[in-house]
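Just below is one structure, and these are the notes that go with it.
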Amino acid sequence: MHCPFCQNTDTRVIDSRVSEDGATIRRRRECEACGERFSTLETIELKLPAVIKSDGRRDVFDARKLRQSFDRALHKRAVSEEQIEAAVRAVIQQLRRTTERELSSRRIGEFVMAELRRLDHVAFVRYASVYRSFEDVADFREELDRLERDLPGEGQLPLLGGEVLPLGTPDAKHKKR
């Protein structure tokens with residue numbers, strides 16, 4: 001491992017810690033030459049399925065693009081970095097579990113929508129509007145109706161101006177402010 005400060009190749013590990021999900025190891029290192037300290041993350045490298053785009057092109061899966069999708073959908077939403085990282089990891093786990101060598105971008109989008117639906121309904125609708133190419137307000141309304149038919153996520157704000165009521169409150173979905 002090269003030192004990021006002086007480029008020396010002699011660094012030693014001072015401390016190692018396994019992440020909560022067991023998927024990464026964080027190593028604290030010290031450069032033998034300049035004495036600077038830095039951290040590295042070690043992850044298992046598994047070959048993920050190739051992505052088949054809607055136009056038929058094949059592309060290598062890029063976790064950064066996946067994270068950018070979550071970031072765009074969750075922009076200015078009250079979702080922590082830890083929750084976003086967990087959602088990204090969940091999608092990648094689903095990709096790893098598939099035995100297919102190639103997956104359509106559409107199927108990957110479905111994995112992302114499932115995680116966004118769990119995290120934040122507004123982010124879910126944002127993503128779905130682009131992913132499903134909503135043409136007009138009726139498309140939005142249809143998706144909102146479908147989303148509201150399902151039980152709302154615990155602790156999430158209502159989509160259309162209702163007040164947040166504790167679970168089990170009669171007519172919780174129908175009360176207005």
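The values are calculated or read from the model by the stated rules, or taken from the named source; none is laboratory data. Owing to the predicted nature of the structure, the values given are computational and were not obtained by experimental measurement. Neighbour counts run over all protein chains shown; Cβ positions are idealised from the backbone, glycine included.
Please verify whether segment 140-151 includes one or more residues that are at pLDDT 90 or above, exposed (fewer than 12 other Cβ atoms within 10 Å of the Cβ) and assigned to a loop (DSSP other than H, G, I, E, B). Among the residues of segment 140-151, not one is at pLDDT 90 or above, exposed (fewer than 12 other Cβ atoms within 10 Å of the Cβ) and assigned to a loop (DSSP other than H, G, I, E, B), which makes the answer no. Contact annotation: residue pairs with Cβ atoms under 7 Å, 6 or more positions apart or on different chains, pairing a residue in segment 20-48 that is more than 24 Å from residue 61 (Cα to Cα) with a partner that is of a type in the set (Ser, Thr, Tyr) and surrounded by 13 or more Cβ atoms within 10 Å (Cβ to Cβ), are 27/40; 29/11; 29/40; 30/11; 31/11; 32/11.
Filtered by the rule that a residue be over 17 Å from residue 60 (Cα atoms) and of a type in the set (Val, Ile, Thr), segment 97-117 gives a lone residue, 112.
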